1. Scan the stretch 43-58 and tell me whether some residue there is over 14 Å from PRO91 (Cβ atoms), modelled with pLDDT of 90 or more, in contact with a helix residue (DSSP H, G or I) (Cβ under 8 Å, 6 or more places away or on another chain) and away from the ligand (no atom under 14 Å from the Cβ).
2. Here are ALA159, ALA134, ALA130, ALA119: which of them is in contact (Cβ under 8 Å) with a residue 12 or more places away in the chain and assigned to a helix (DSSP H, G or I)?
3. Could you count how many residues in the stretch 71-109 are away from the ligand (no atom under 14 Å from the Cβ) and part of a helix (DSSP H, G or I)?
4. Only one of these is outside the structural domain of GLY61 (by TED's automatic domain parsing) and in contact with a helix residue (DSSP H, G or I) (Cβ under 7 Å, 6 or more places away or on another chain): THR146, THR121. Name it.
5. Is it the case that some residue within the stretch 93-107 is at pLDDT below 90 and more than 30 Å from GLY61 (Cβ to Cβ)?
6. With respect to CYS32, is the statement that it is surrounded by 14 or more Cβ atoms within 10 Å (Cβ to Cβ) and within 13 Å of the ligand (Cβ to nearest atom) true?
7. Take the residues of the stretch 13-29 that are of a type in the set (Gly, Ala, Ser) and near the ligand (Cβ under 9 Å from one of its atoms): which is surrounded by the fewest Cβ atoms within 10 Å (Cβ to Cβ)?
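The values are calculated or read from the model by the stated rules, or taken from the named source; none is laboratory data. It should be emphasised that the depicted structure is a prediction, and the values quoted were computed from it without experimental measurement. Cβ coordinates were reconstructed from backbone atoms using ideal geometry, including for glycine residues, and neighbour counts include every protein chain displayed.
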Amino acid sequence: MLVDNGRSHALADEDGREALRCIRCSACLNVCPVYERTGGHAYGSVYPGPIGAVLNPLVRGTGSDIDRSLPFASSLCGACFEACPVRIDIPSLLVRLRTQVVEESSGRSAEALGMRAAAWTFGDHRRLEAAQRASTLAGRVLGGRTVRTVPVPGLAAWAQARDVPAPPRETFRHWWARTRGGEGT
Ligand code: SF4
């Protein structure tokens, strides 16, 4: 019996099929500035390291949160491509998979919603100043304590694995006005 495990799917992908040349030498894993710190199987990957960030979505598709997020677990520095003995262009494949994930999400991802909210806030100085006032108020209430839980959809899971620093107690402009004189927010 042949075990395919999605390899036919990867083979059918004209660009992605080069990932099947991988001989599992782990050279890309050892030079990667991300995976050398997090370990090969970080981020829920079955195949370890940078090639895993390519292979998993290629063989399993981009239907799960893990497979959608893996192509983004890279700084795209290119060290994996330099180290790979069979010259798999991992950075280009990662960029292509990122494009696929973004196009499939059609702007509905938490990141896309966050970017739209940021654009709306930064689009008017009064909205930005109101956001800064809310942020510095939260910073004073928290008293510099690290935030452990973020009760915002899309950010809660992200914050589970990370410490979120408390917002500053005052804006730079307020600090400037307080210490140097002049107008602040
Ligand atoms: S360096 Fe190339 S052959 Fe080695 S594990 Fe990474 S992708 Fe596979």
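1. Within the stretch 43-58 (the criterion being over 14 Å from PRO91 (Cβ atoms), modelled with pLDDT of 90 or more, in contact with a helix residue (DSSP H, G or I) (Cβ under 8 Å, 6 or more places away or on another chain) and away from the ligand (no atom under 14 Å from the Cβ)), the answer is yes, since at least one residue qualifies.
2. Working: ALA134 fails: in contact (Cβ under 8 Å) with a residue 12 or more places away in the chain; ALA130 fails: in contact (Cβ under 8 Å) with a residue 12 or more places away in the chain; ALA119 fails: in contact (Cβ under 8 Å) with a residue 12 or more places away in the chain.
After applying the criteria, what remains is ALA159.
3. So the count comes out to 13.
4. After ruling out the rest, the residue left standing is THR121.
5. For the stretch 93-107, residues at pLDDT below 90 and more than 30 Å from GLY61 (Cβ to Cβ): absent.
6. Values: surrounded by 14 or more Cβ atoms within 10 Å (Cβ to Cβ): yes; within 13 Å of the ligand (Cβ to nearest atom): yes.
Judged against the criteria, CYS32 is a match.
7. SER26
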